[in-house]
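The values are calculated or read from the model by the stated rules, or taken from the named source; none is laboratory data. Just so you know, these numbers come straight off a predicted model, no measurement behind them. Cβ atoms come from the backbone with ideal geometry, glycine included; neighbour counts cover every protein chain shown. Quick note on the areas: whole protein, heavy atoms, side chains included, nothing else; ligands and nucleic acids left out. Shrake-Rupley method; radii C 1.70, N 1.55, O 1.52, S 1.80 Å.
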Amino acid sequence: MYNNSGDSMKNFIRLMMRAKAYHKFIIIGFIGMCINTAMQLCGPKLTQKLVKLVTDMPDDLPKQALNIALILLAVYIFQGLGQYLRTFFLHKAAWGYIADLRVDLFKKIEWLSLRFFTNKQTGELVSRVVNDTAQLESLLAHSVPDLLINGVLFT
């Protein structure tokens with residue numbers, strides 16, 4: 001069974017280096033991811049502060065509660081904005097990357113010898129190109145960002 005992690009890592013790095021053409025979208029997506037993550041960390045702290053305020057019942061409760069509620073509203077708006085930036089721009093980068101990769105794979109397949117095609121079924125080749133690149137899109141747009149976010153939120 002083939003399981004050489006060194007080769008897998010080299011292939012992963014090579015695939016990621018091809019994404020340089022979409023670095024602007026990736027950077028904006030990661031900025032959105034950072035905003036979203038920061039706001040996810042702020043929301044529970046503000047809610048905790050609001051609950052503590054209500055249980056303590058100070059004299060200026062309505063004023064303080066309104067201030068915290070407005071800050072909490074701003075936090076959730078920025079969290080939504082960060083999520084939008086992350087989702088839109090990382091998907092835009094991933095879709096462009098996958099489109100370029102599919103074109104390159106098609107060109108590669110066109111130049112293969114006829115002997116290669118005697119042992120392969122066309123449907124299998126098309127299926128591999130479409131499904132494998134779709135999995136790569138999921139990796140770029142979902143798995144890597146989620147891994148980073150979960151690592152930050154876990155610590």
Legend entry - Pairs of lysine residues in the chain - Cα separation under 16 Å, sequence separation of 8 or more or cross-chain: 5
Legend entry - log₁₀ of I(q)/I(0) at q = 0.09, 0.10, 0.17 Å⁻¹ - the chain, Debye sum with one point per alpha carbon: -0.49, -0.56, -1.04
Legend entry - Sparse-neighbourhood loop sites, chymotrypsin sites (Phe, Trp or Tyr not before Pro) in the stretch 53-147 - DSSP loop, at most 16 other Cβ within 10 angstrom: 111
Legend entry - Solvent-accessible heavy-atom area per residue, rounded to whole Å², over the stretch 1-119 at 1.4 Å: 74 Å²
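Gain in length, residue 63 to residue 21, computed as 0.36 nm per residue apart minus the alpha-carbon separation, to one decimal in nm?
On the way: separation 42, 0.36 × 42 = 15.12 nm, distance 5.04 nm.
The span from residue 63 to residue 21 would gain 10.1 nm if fully extended.
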Inset, instruction - Roll a 1.4 angstrom probe over the protein heavy atoms and tell me the percent of accessible area of the chain that is carbon or sulfur. - result: 67 percent
Inset, instruction - Check each of the trypsin sites (Lys or Arg not before Pro) in the stretch 54-132 and keep only those in coil by DSSP with at most 15 other C-beta atoms within 10 angstrom; list them in order. - result: 120
